Amino acid sequence: MLNVNNLVKKAFNGEILKNLSFIAKRGEITAIIGPSGSGKTTLLRCLAQLTPISSGNVQFSGQDLKELSHGEIGLVFQNFHLFPHLTILDNLILAPVSQGIPREEVVQKAHHLLKQFSLNGKEKRFPGEISGGQKQRIAIARALMLDPPLLLFDEPTSALDPEMVKEVGEIISSLQDSKRVIILVTHEVRLAQQIANRVLFLDHGVLLDNVESKEFFSTDSTKLSKRAQKFLSNIS
Ligand SMILES: Nc1ncnc2c1ncn2[C@@H]1O[C@H](COP(=O)(O)OP(=O)(O)OP(=O)(O)O)[C@@H](O)[C@H]1O
Ligand SMILES: [Mg+2]
């Protein structure tokens with residue numbers, strides 16, 4: 001499991017993340033919900049080690065996060081972040097090949113993932129030549145190339161139409177595995193309701209709620225923080 005203890009992230013003008021502690025279990029999808037600017041992306045960037053934490057610690061299966069190799073953490077960025085000048089296949093194989101894994105093995109894995117996501121035949125296309133939903137699936141496939149046990153999604157459906165939201169939700173749900181921790185940052189509350197096991201609600205860098213998904217979305221929301229109640233009332 002992922003164990004976050006007293007995580008603080010400071011910026012020059014104050015704390016972005018204020019003493020966060022939570023556990024995310026293997027086999028579960030943990031959703032992080034909160035208003036814009038609450039610190040969701042910053043938290044994922046800390047977990048993916050793209051930015052250092054200011055204090056506290058994060059452990060994954062008892063090991064300090066810093067000891068994990070890059071291949072053990074998969075991050076799917078908001079807005080895909082595919083390389084526009086590389087073909088779909090090259091986007092998928094770039095990281096694993098540069099890590100020294102034999103090209104043939106990597107290409108085979110890429111074909112397998114493309115097939116799994118109904119994208120076979122798109123290998124030679126460029127990101128500019130495929131749809132938003134397809135790009136998002138490619139971005140997910142790319143994150144899966146090294147079979148990371150820790151998988152982080154930042155707003156994976158923000159650029160998609162409602163049908164695609166459902167489809168990408170089903171893909172994320174299908175990635176649930178007893179060996180894997182999945183963290184899903186989303187403002188798509190219905191997506192969290194459909195696929196998450198737990199919901200963490202963040203506001204101004206403070207973790208206000210940490211409850212089972214069914215409790216977060218229960219008709220009786222009186223046990224939730226006032227801020228979460230307000231947030232939910234605005235979207236339903
Ligand atoms: N590098 C940085 N330096 C200083 N402040 C930052 C930095 N990155 C983010 N922030 C600030 O930290 C806060 C949290 O930003 P973050 O991007 O994590 O929010 P978010 O919850 O992901 O928002 P959104 O839902 O809009 O994506 C914001 O107030 C933002 O302005
Ligand atoms: Mg964000």
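The values are calculated or read from the model by the stated rules, or taken from the named source; none is laboratory data. Owing to the predicted nature of the structure, the values given are computational and were not obtained by experimental measurement. We place every Cβ from the backbone using ideal geometry, glycine too, and count neighbours over all the protein chains shown.
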Discussion item. Within the stretch 59-77, does at least one residue satisfy the condition of being modelled with pLDDT under 95, away from ligand 1 (no atom under 16 Å from the Cβ), β-branched (Val, Ile, Thr) and touching a helix residue (DSSP H, G or I) at 6+ places or on another chain (Cβ under 8 Å)?
Written reply: yes
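Per-residue answers, yes or no, for (1) without any contact (Cβ under 8 Å) to a residue 60 or more places away in the chain; (2) surrounded by fewer than 20 Cβ atoms within 10 Å (Cβ to Cβ); (3) closer than 26 Å to Ser233 by Cα:
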| site | (1), (2), (3) |
| --- | --- |
| His111 | yes, yes, no |
| Leu150 | no, no, no |
| Pro156 | no, no, yes |
| Glu163 | yes, yes, yes |
| Gly169 | yes, no, yes |
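Does Leu47 count as within 16 Å of ligand 1 (Cβ to nearest atom) and either under 25 Å from Thr186 (Cβ atoms) or in contact with a Cys (Cβ under 6 Å, 6 or more places away or on another chain) (or both)?
Values: within 16 Å of ligand 1 (Cβ to nearest atom): yes; either under 25 Å from Thr186 (Cβ atoms) or in contact with a Cys (Cβ under 6 Å, 6 or more places away or on another chain) (or both): yes.
When the stated conditions are applied, Leu47 passes them.
Need at least 1 residues that are free of Cβ contacts under 8 Å to residues at least 60 places away in the same chain per element, so show me which strands (runs of 3 or more DSSP E) inside the stretch 1-49 make the cut, counting only ones lying wholly within it. Show your work before the answer.
Values: elements: 2-11, 14-24, 29-33.
Passing ranges, in order: 2-11, 14-24.
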Practice prompt. Consider Val168 carefully, then state whether it is under 30 Å from Lys109 (Cβ atoms), at pLDDT below 90 and aliphatic (A, V, I, L, M).
Written response: yes
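Considering only residues that are small (Gly, Ala, Ser) and either assigned to a helix (DSSP H, G or I) or touching a helix residue (DSSP H, G or I) at 6+ places or on another chain (Cβ under 8 Å) (or both), which ones fall in the stretch 91-117? Break it down stepwise before answering.
Within the stretch 91-117, the first condition is being small (Gly, Ala, Ser), and the residues that meet it are 95, 98, 100, 110.
Residues satisfying the conditions are Ala95, Ser98, Ala110.
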Item to complete: Within the stretch 35-53, identify whether any single residue is aliphatic (A, V, I, L, M) and modelled with pLDDT under 95, and answer yes or no.
Response: yes
